[in-house]
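Contents: one structure, followed by commentary.
Here, each number is a calculation from the coordinates, and none is a lab measurement. Bear in mind that the values here come from a model prediction, so they are computed numbers and not experimental data. Backbone-built Cβ (ideal geometry, glycine too); neighbour counts: all protein chains shown.
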Amino acid sequence: MRFSASRGILTRAPKSEGASTTRHSSGFEQFCTMLQNSSDLSILDMSGASQANVSFITGYGHRISSDDALGTMQTCFGADFFSNQQAASNAHRFLEQTLTFPDETFDGALVWDTLQFLIPPLLEDTVAKLLRVMRPGALLLAFFNSDEKRAQVPLYNYRIQDSKTLAQTPRGGLQRAQYFNNRVLERLFERASSLKFFLTRGAQREVIVRK
Amino acid sequence: MWSKRREDELPQRSESRSPTAPTSTPQLESQRRESNFMASPNRNFEPETGSRGGPAILGKNVTVKGQIFAREDLTIDGEVEGTVECHEHRLTIGPNARVQAGLKAREIVIQGSIHGNVDATDKIDIKKEAKLVGDIKTSRIVIEDGAYFKGSIDISKPNAAAKPAAATVVTSPAVPSTQSAPPATQTAVASTGATSR
């Protein structure tokens, strides 16, 4: 699914948008060491289904679960993206439809850049639910745009190329709910046992969270 | 293409079944087949579509509630609620299909909408227009970009899948699952309600 934002409205992006580029990801490299050193893991991919990610994860013999969080956001919040998140009924509907897994199901979660589009109360509930479905010691990889001046941030589809390289295909842009610096992220994941940050050249703040 | 094949193959089949039988018109042949089927629906119903070559098709205006067992390739383009099993064969879920069922087959191609667990011993092919909510168990999987999928994927090795024990029931409280039962006829629809609109 492709999106673009117009006055805070989430819409599909034109198909002519940019081609995919590859980049090195230190965060994913860390995440990948867990994939390589363990067997029979359950991994959650929150970018929806993709051949590259499924093949890569299952190539190690792990199980992958797919949940298109951004697609669910669009279904639940529609055109008036941020104000609809404030309505308790909409927020409740989103939480009911996403992360519908038993507690402590996953050993790893690839959250990508989805969390930066949720407003604070809903974001905290989503992170709490995310941590609940992860097993103790599990790793979570999330991306946040680190360009403070930019109101609208690009959205990408992330496809795993190898253990340290990601292909990112633009799918429009969207105004983020807030700017995430290290302090905000530390507060957001305060229940986690550890946090590690990586800054990339593409203005991405990669975060590895260990539950 | 199919009609041409059928024309080519029909005379051969009638010869092989009754070499000494007198030549009959297509109308008589059709009536004889129908009367054979009606007389012994369970015992003597021999696979016919196998020699014809085409898959069985549930059209887009067909609704089935219940269990479907197929011993041939099957295409579903209508609505199905229950379970579908095509052991050793290919199951195609067409673009108009709306399926709320557990699916089991050798190979499954998905273009329509499915809510249920999917178990393919060989391969699952999810096309870009497909929507699948449920757990997948298979040896190989192809997912086109743009397909909607929510659930888990378990890749079982081909050797493990070949063993009878691997044909286990995938169950989930959220979605219907397949039930293993021996197929009684070539394509049997054990339905509680099958309607054609």
Report, in deg cm²/dmol and to the nearest 500, the calculated mean residue ellipticity at 222 nm for chain A, where each DSSP H run with n ≥ 4 adds -39500 (n - 2.57) and the sum is divided by the residue count.
-9000 deg cm²/dmol
Can you list the residues of segment A:176-208 with backbone N under 17 Å from a point 7 Å past the Cα of residue A:33, pointing along Cα to Cβ?
A:193-199, A:206-208
What distance in nm separates the simple spin-label points at residue A:20 and residue A:88, each placed 7 Å from Cα in the Cβ direction?
4.3 nm
Can you list which of the DSSP-assigned H helices in chain A have a Cα extent of 15 Å or more along the long axis and an average Kyte-Doolittle score of at least -1.0?
A:26-37, A:120-132
How far apart, in nm, are two points set 7 Å out from the Cα along the Cα-to-Cβ line at residue B:60 and at residue B:87?
3.4 nm
Lys and Arg at +1, Asp and Glu at -1: neighbours of residue A:207 with Cβ under 12 Å from its Cβ sum to 0
Note down the magnitude of the dipole of segment A:155-207 about its Cα centre, charges +1 on Lys and Arg C-beta and -1 on Asp and Glu C-beta and zero elsewhere, to the nearest 20 debye.
80 debye
Among the listed pairs A:129/B:123; A:129/A:196; A:164/B:157; A:129/B:157; B:60/B:157; B:104/B:150, give every one whose C-alpha distance is greater than 29 Å.
A:129/B:123; A:129/B:157; B:60/B:157
Per residue of B:137-150, how many C-beta atoms from partner chains lie within 10 Å of its own C-beta, taken as a mean?
5
Estimated inter-spin distance, residue B:96 and residue A:100, nm [label 7 Å along Cα→Cβ]:
2.8 nm
Let me make sure I get this right: for chain A, a, b and c are the square roots of the gyration tensor eigenvalues over alpha carbons, sorted descending. Under 1.5 in a/c it's rounded, otherwise prolate if a/b > b/c, else oblate. Which is it?
rounded
Subtract the Cα-Cα distance of residue A:183 and residue A:52 from 0.36 nm times their separation in residues, and report this length gain in nm to one decimal.
43.8 nm
Using a 10 Å cut-off around each Cβ, can you sort A:68, B:154, B:119 from fewest to most neighbouring Cβ atoms?
B:154, A:68, B:119
Summarise the partner chain shielding of A:62-74 as one whole number: the mean count of Cβ atoms from other chains within 10 Å of each residue's Cβ.
3
Sorted by Cβ neighbour density within 10 Å, fewest at the top, the residues B:127, A:211, B:104:
B:127, A:211, B:104
Neighbour-count ranking [beta-carbon atoms within 10 angstrom, fewest first] of A:163, A:194
A:194, A:163
